[in-house]
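Heads up: the structure comes next, in structure tokens.
The values are calculated or read from the model by the stated rules, or taken from the named source; none is laboratory data. Everything quoted here is computed from the prediction, not taken from an experiment. No Cβ is skipped: glycine too gets one built from the backbone with ideal geometry, and neighbour counts run over all protein chains shown.
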Amino acid sequence: MTSKTPQEAPEASVPAAPDASPTATPRDAAARIDELILGGPRRFDFDDLLRETGASAEFVEDYWRWLGLPVTDPHEARFSAADLESLREIRDLIERGQLDEQAQMTLVRSLGHTADRLALWQVEAFVEHLSRRFDLDDVAARQATLDQVPHFADVLARQLDHAWRRQLAALMGRFATELRGVDGSEVSRGQLPLRRAVGFADIVSFTKRTAGLGSQELSEYVQAFESRARDVIVEAGGRVVKTIGDAVLFVADDVVTGAEVALGLAAPHASAEEIPVRVGFVWGRVLSRFGDVFGPDVNLASRITELAEPSTVLVDPTTAALLSSSARYALTAQSPQAVQGLGEIQPVRLQRAYTG
């Protein structure tokens, strides 16, 4: 077997500067995009799906609605061969008794919701990239994106599969560790099942600070906040639950990790020095569903965050008591505050202990 010399190795293709002028009709462009992204043309209508899969009309309509792509015209040929296979596969799980209908709905909804946000996020990343690289305005960059993105579909799909498997393996590993030696009797009836540190970090005076920014500047401002927040959270051992405009919701498996995440988020940073952040977190119980967390302690963390000053961390008295035994932290009780829906609470400021 002979090896290729460096000269014989295939070169990576470098895209030429996009031509903003349209080179094909919208119908031709749509057909080409379908071929590249969906792997084939849309040649089946609603009745074809029913006939080819043996599924009921109700199931097929539900499936597409759960994905966030409802059937609007049953006579339109809008489905591909891959759509048929996907329907058969998810329906077979029900037929074999491996899933009940509630689980099926939740799984498909999770895919639709996540894929919708992911596709939008990635396409906007390409728009920004092409705008920067070729000095295009927004409209021209989006036209160029129509040409560029389909060629990356296979790479993005493989990267998604790899990232999902790694995240699933990490989650299963955390489950195995957390459940080792634990039985259900340790959770009192009516209590939420998971003990977690849960917290919020938000940008102080976001509306005022961004009022005069253009679209590019606003995008860069928000991206700087989100990127740094995600880096701080994962490096400290926490996990990002979601971003909410000018805020991020995080969780951690123990109270000390929660404290390290919170202090890291609140600390000023050279890469985001113009983005002052305040943080609140509590140790409590949460319900994890739909890729989110719920419960009174989530609400408490949100309200405590609203009381914090820029670049500071506030916790509740229960969380403060758990951290008080550590020499790493200094805890200072603040004045009691009346909070709508929660009554009077006494926030406690969390800082790193002085070691000089």
- Among residues of segment 273-331, those that are part of a loop (DSSP other than H, G, I, E, B), of a type in the set (A, V, I, L, M, F, W, C) and either in the same structural domain as residue 112 (by TED's automatic domain parsing) or free of Cβ contacts under 8 Å to residues at least 60 places away in the same chain (or both), counted: 2
- Message: Looking at segment 308-342 only, could you name the residues that are of a type in the set (A, V, I, L, M, F, W, C) and either under 20 Å from residue 355 (Cβ atoms) or buried (at least 16 other Cβ atoms within 10 Å of the Cβ) (or both)?
- Response: 308, 313, 314, 315, 320, 322, 323, 327, 330, 331, 339
- Item | Condition met for residue 122 (in contact (Cβ under 8 Å) with a residue 12 or more places away in the chain, more than 29 Å from residue 292 (Cα to Cα) and part of a helix (DSSP H, G or I)) | no
- Task: Find the residue count for segment 89-141, including only residues that are surrounded by 15 or more Cβ atoms within 10 Å (Cβ to Cβ) and of a type in the set (Lys, Arg).
- Result: 2
- Task: All but one of (1) of a type outside the set (Val, Ile, Thr); (2) outside any helix (DSSP H, G or I); (3) within 25 Å of the chain's Cα centre (by Cα) hold for residue 153, so report the exception by its number.
- Result: (2)
- Residue check, residue 76 of a type in the set (Asp, Glu), over 25 Å from residue 145 (Cα atoms) and either part of a helix (DSSP H, G or I) or over 28 Å from the mean Cα position of the chain (by Cα) (or both): yes
- Query: Does segment 297-304 include one or more residues that are surrounded by fewer than 15 Cβ atoms within 10 Å (Cβ to Cβ) and among the small types (Gly, Ala, Ser)?
  - Reply: no
- Item | Sole residue being surrounded by fewer than 18 Cβ atoms within 10 Å (Cβ to Cβ), small (Gly, Ala, Ser) and either at positive phi or out of contact with any Leu (no Cβ under 8 Å at 6 or more places or on another chain) (or both), chosen from 267, 247 | 267
- Go through segment 80-114 and give me each residue that's in contact (Cβ under 8 Å) with a residue 24 or more places away in the chain and farther than 20 Å from residue 50 by Cβ. 106, 109, 110, 111, 112, 113, 114
- Would you point out the residue of segment 253-272, among those that are in a helix (DSSP H, G or I) and without any contact (Cβ under 8 Å) to a residue 60 or more places away in the chain, that is farthest from the chain's Cα centre (by Cα)? 270
- Task: Could you tell me whether any residue of segment 24-46 is among the hydroxyl-bearing types (Ser, Thr, Tyr) and either over 27 Å from residue 145 (Cα atoms) or at pLDDT 85 or above (or both)?
- Result: no
- Message: If I ask for residues that are under 17 Å from residue 38 (Cβ atoms), in contact (Cβ under 8 Å) with a residue 12 or more places away in the chain and among the acidic types (Asp, Glu), which ones from segment 148-179 would you list?
- Response: none
- Message: Checking the structure you have, find out if any residue of segment 232-240 is in a helix (DSSP H, G or I), more than 12 Å from residue 313 (Cβ to Cβ), charged (D, E, K, R) and in the same structural domain as residue 345 (by TED's automatic domain parsing).
- Response: yes
